[in-house]
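**Q** My questions will all concern the structure given below.
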Amino acid sequence: MTDGPEDSRPANERREAAREKALQLRTTQQRKDRRNRVFVTGGIVVGVLAVVAVVAVIIVTAIRPSVPGPANMASDGVVIGSGLKVKQTPSLAADASPIASTPDPSGSVVSIRVYSDYLCALCGDFQRTNGEQLEPLIKNGAVTVELHPIAILTSHSAGTKYSLRAANAAACVANYAPDSFWAFNNALFVKQPEEGSAGLTDAQLKKRVADTGATSLSSIDSCIDDGTYKNWVTSASDRALTGPIPNSSVKQLTVAPLVLVNGKQYTGSLKSSDDFQAFVLQAQGDQYSSTPTPSPVPGKTSTPTPTVKK
C-alpha cells in the first residue's frame, strides 16, 4: 500500500523537477529575507532619526542664546524705596555678572532683602505676615526692600514649571512696569497655589498683573507668553544657590525664604510680625552702634525709626 500515486516520470525528470522546485523555494525565501532586512533596516533608521531629533531638541534647548537680563534688576533683585518706587537700573548684557546693591552708608535706612520662590509656602507666610506692615515704612523711606524672585521649586508644580513662569512674570513686570512690582509680588502670595499643584496659568498670571494697574500690559503679556526671562531666572537662582550672597556673611541660599536685614539673616518665626519687628530694630541698633553719627543737615528731618503696626 502506497501513500499516493507513484510518479511515472523518468528519474532524471523527477530530479530536474525537484531542483526547479527547490530553486523556486530558495528564490522565494531570498526575496522574503531581503524584504525583512529592508523592514528591519528601515525601522533602525527611523529609530535613529527619532533619537537624533530628540537629542537635537535637547541640544538646541541647552544652548538657547542667552538674553539680556530685565531692566531694574541689575542686582538680581528689585530695590523698592520711598513711595514704593523701584530703583531703576539698566538691563545687563547677556551673561554679565550682577551688580550688588549698595546699602545706605549712614545706617539710617534699614536694608531688607528677601529671596523668595512664588510656590514656596514659607515664603508666602513671611510676605503675608509682614508685607502690609512693611509697606508704610518703605513709603516713608525708613526701609528699602530688595526682592529677589527665584525658582527652586520648578519641578514641584505637576509639570507646569510654575516657579519658573511666575518668576519670569515678575521679571517682565520689573522690566516694563517697575513701580507695579511691589503690588504684583504681593498679589502672587494672595491665594497662593499649594506646593505640588499646577500653580497659576499664564493667563491667570497676566490677570494678576492687570489687577495691579500696571502699564505696558501688551508688552508684559508677550513677555510672559514668550518666557523671555526664563533663562535669566534660572541663572539668577543658580547664583543664589551657589553663593556667596552679597553684602552678608551668608555663603549661599539654603533656605527659602532667605531674609536679610542689614546683611544679617533672620531666622525667627515667619508668622510673627512682632519677632520680625524686633529683629529689624536690633539690626538697626547694631548698625547705629557701628556707624559714626552723621552731622545733622539744617532744615532736614531725620528718617523715622521703623515701627511695625500691630
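The values are calculated or read from the model by the stated rules, or taken from the named source; none is laboratory data. These numbers were taken from a predicted model, which means no experiment stands behind them. A quick note on method: Cβ atoms are made from the backbone with ideal geometry, for glycine too, and the neighbour counts reach across all protein chains shown. All accessible areas refer to the heavy atoms of the entire protein, side chains included, with ligands and DNA or RNA removed. Shrake-Rupley method; radii C 1.70, N 1.55, O 1.52, S 1.80 Å.
**Q** State the Kirkwood hydrodynamic radius of the range 88-171 in Å, one decimal place, computed from all pairs of distinct Cα atoms.
**A** Values: mean 1/r = 0.0672 Å⁻¹.
Evaluated on the range 88-171, it is 14.9 Å.
**Q** I'd like the accessible area for I99: 1.4 Å probe, protein heavy atoms, all chains in place, Å² to the nearest 10.
**A** That residue has around 100 Å² of solvent-accessible surface.
**Q** How many nm is it between the label spots at T254 and S82, if each spot is 7 Å from the Cα in line with the beta carbon?
**A** Rounded to a tenth, the inter-label distance reads 4.0 nm.
**Q** Right, here's the next one. In a shell of Cβ-Cβ distance under 13 Å around T212, excluding T212 itself, what net charge do Lys and Arg (+1) and Asp and Glu (-1) give? Don't jump to the answer; show the numbers that get you there.
**A** Working: positive: K206, K207, R208; negative: D179, D211.
Overall, the nearby charge balance is +1.
**Q** Roughly how many Å² of T242 are accessible to a 1.4 Å probe, to the nearest 10?
**A** Number for this one is 100 Å².
**Q** Tell me the label-point distance for the pair A93, S218, using the 7 Å Cα-to-Cβ offset, in nm and rounded to one decimal.
**A** That separation, rounded to one decimal, is 3.2 nm.
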